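Engineer: Attaching a single structure in structure tokens format; questions to follow.
FYI, it's all coordinate maths here, none of it is from the lab. Not measured: the values here are computed from a predicted model. Backbone-built Cβ (ideal geometry, glycine too); neighbour counts: all protein chains shown.
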Amino acid sequence: MSLRLVTANERMKETAGVKIVILGPAKIGKTTLLRTVEAPRTLMLNIEAGDLAVRDVPYQELRPEAQWTWRELRDIACYIGGPNPARSPDQAYSQDHYEHVASEMALKLDSFDTLFVDSITVASRICFAWCQTRPEAFSEKTGKADTRGAYGLLGREMVGWLTQLQQAKSKNVVFVGILDQNKDDFGRISWDPQIEGQATQKALLGIVDQVVTLAKVDFEDAPGGRCFICQQGNRWGFPAGDRSGKLDEIEEPHLGKLLTKCADPKRKRGEITTEMNQPTETEAE
């Protein structure tokens with residue numbers, strides 16, 4: 001067993017990236033948020049191929065020779081997140097998987113600070129298409145397609161992929177996805193991420209640090225203004241959540257400023273329910 005005790009001072013001085021999902025209706029301008037981060041230090045995982053609005057932005061990009069496959073998306077996640085020692089050699093994200101990918105990947109991770117994944121909506125579709133070809137997607141007795149088996153595998157694969165990318169501790173990881181408006185039989189409106197599989201939708205909101213909705217909302221002085229909605233229980237009912245405790249309900253739609261605000265060690269958290277006197281630096285050592 002190779003464990004070591006990390007002191008409070010060491011832990012608090014570590015560089016930790018922010019893991020965030022930004023949801024918004026189609027064509028709201030999620031991809032254009034690349035214009036608000038330090039482009040040369042940003043790596044875009046361009047799964048959707050919808051980058052027309054940012055062709056003039058000098059960010060780095062990963063793209064396949066043809067169309068994306070689930071195998072390629074898993075390989076990239078393995079390389080960025082590092083090997084998982086709990087995985088057996090034949091499993092994805094294991095040490096063997098990492099070494100194989102590292103031998104073929106000519107990508108220097110220290111050249112970027114932010115990974116921009118555009119989009120998780122399309123990634124889930126690619127994953128589901130792959131799941132439908134696997135043995136788990138067919139009945140052992142009849143050989144016919146088993147939808148429940150396919151969705152079960154989808155949930156496991158997507159949660160594993162998201163968790164693997166979340167392990168890139170020193171990097172910001174930004175997932176963007178489409179947000180759908182739904183209305184039930186009683187006329188009640190809800191907003192749900194457009195992601196294949198309910199298990200993935202539920203897990204995503206718990207894996208990332210920040211859940212933010214990019215939307216146009218009405219203000220007294222600016223009707224239909226575009227902004228980030230960052231707090232749970234907001235007045236519009238949008239998906240949102242702030243683990244950092246440093247964001248207001250409404251923030252400027254500037255990704256660079258949002259990431260900086262979340263990670264700023266000098267910025268105090270907002271109102272919290274439990275707190276005790278913290279030790280001084282001398283006591284913490």
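Engineer: Taking the Cα centre of the chain as origin and charging only Cβ (+1 Lys, Arg; -1 Asp, Glu), how large is the dipole, in debye to the nearest 20?
Structural biologist: In debye, rounded to 20, the chain gives about 220.
Engineer: With the Cα gyration tensor of the chain in hand, give its eigenvalues times 5 under a square root as the equivalent ellipsoid semi-axes, listed largest first in whole angstrom.
Structural biologist: 30, 27, 21
Engineer: Add -39500 (n - 2.57) for each DSSP H run of 4 or more in the chain, then divide by its residues: what number comes out at 222 nm, to the nearest 500 deg cm²/dmol?
Structural biologist: Calculated mean residue ellipticity at 222 nm is -8500 deg cm²/dmol.
Engineer: Still on this structure, please answer the following. Sorting check: for 172-180, 14-22, which peptide has the highest mean count of neighbouring beta carbons within 10 Å, and how do the rest follow?
Structural biologist: 172-180, 14-22
Engineer: If you keep only loop residues by DSSP, which trypsin sites (Lys or Arg not before Pro) in the range 40-142 have at most 16 other Cβ atoms within 10 Å of their Cβ?
Structural biologist: For trypsin sites (Lys or Arg not before Pro) across the range 40-142 that sit outside H, G, I, E and B with at most 16 neighbouring Cβ atoms in 10 Å, the list reads R55, K108, K141.
Engineer: Compute from the Cα atoms of the range 1-152 the Rg and the Dmax, the latter being the longest Cα-Cα distance, and quote both in angstrom.
Structural biologist: 18.8, 60
Engineer: First measure r as the distance between the Cβ atoms of R63 and T133, then evaluate 1/(1 + (r/R0)^6) with R0 = 30 Å and state the FRET efficiency to the nearest 0.05.
Structural biologist: Calculated value: 0.85.
Engineer: Taking the alpha-carbon centroid of each part, what is the distance from the range 52-81 to the range 181-249 in angstrom?
Structural biologist: Cα centroid to Cα centroid, the span is 26 Å.
Engineer: Looking at the chain as a GNM with Cα springs under 10 Å, which of D184, D209, D146 has the largest mean-square fluctuation?
Structural biologist: D184
Engineer: Work out how much length Q181 to D56 would gain on full extension: take 0.36 nm times their residue separation and subtract the Cα-Cα distance, in nm to one decimal.
Structural biologist: 41.8 nm
Engineer: Also: What is the spin-label model distance, in nm, from Q91 to S170 if the labels are put 7 Å beyond Cα along the C-beta direction?
Structural biologist: So the two model labels end up 2.7 nm from each other.
Engineer: Cut-off 10 angstrom, C-alpha nodes, Gaussian network model of the chain. Which of G143, G197, G225 fluctuates the most?
Structural biologist: Comparing G143, G197, G225 in a Gaussian network model of the chain, the most mobile one is G143.
Engineer: Next question, about the same structure. Quick query: amide H of E249 versus all other amide H atoms, modeled in the peptide plane; which residues come in under 5 Å with a sequence gap of 5 or more or a different chain?
Structural biologist: For E249, no residues qualify.
Engineer: Normalise the Debye intensity by I(0) for the range 76-117, one equal point scatterer per Cα, no solvent, then take log10 at q = 0.20, 0.21, 0.32 Å⁻¹ and round to two decimals.
Structural biologist: The calculated log intensity ratios at q = 0.20, 0.21, 0.32 Å⁻¹ are -0.61, -0.66, -1.09.
Engineer: Say a paramagnetic label sat at a point 7 Å from the Cα of R148, along Cα to Cβ; which residues of the range 161-204 have their backbone N under 16 Å from it?
Structural biologist: It comes to 198-199, nothing else.
Engineer: How would T133, T31 line up from fewest to most surrounding beta-carbon atoms within 10 angstrom?
Structural biologist: Starting with the residue having the fewest Cβ neighbours, the order is T133, T31.
Engineer: Another question, if that's okay. So how much slack lies between Q198 and A49, counting 0.36 nm per residue of separation and subtracting their Cα-Cα distance, in nm?
Structural biologist: 51.2 nm
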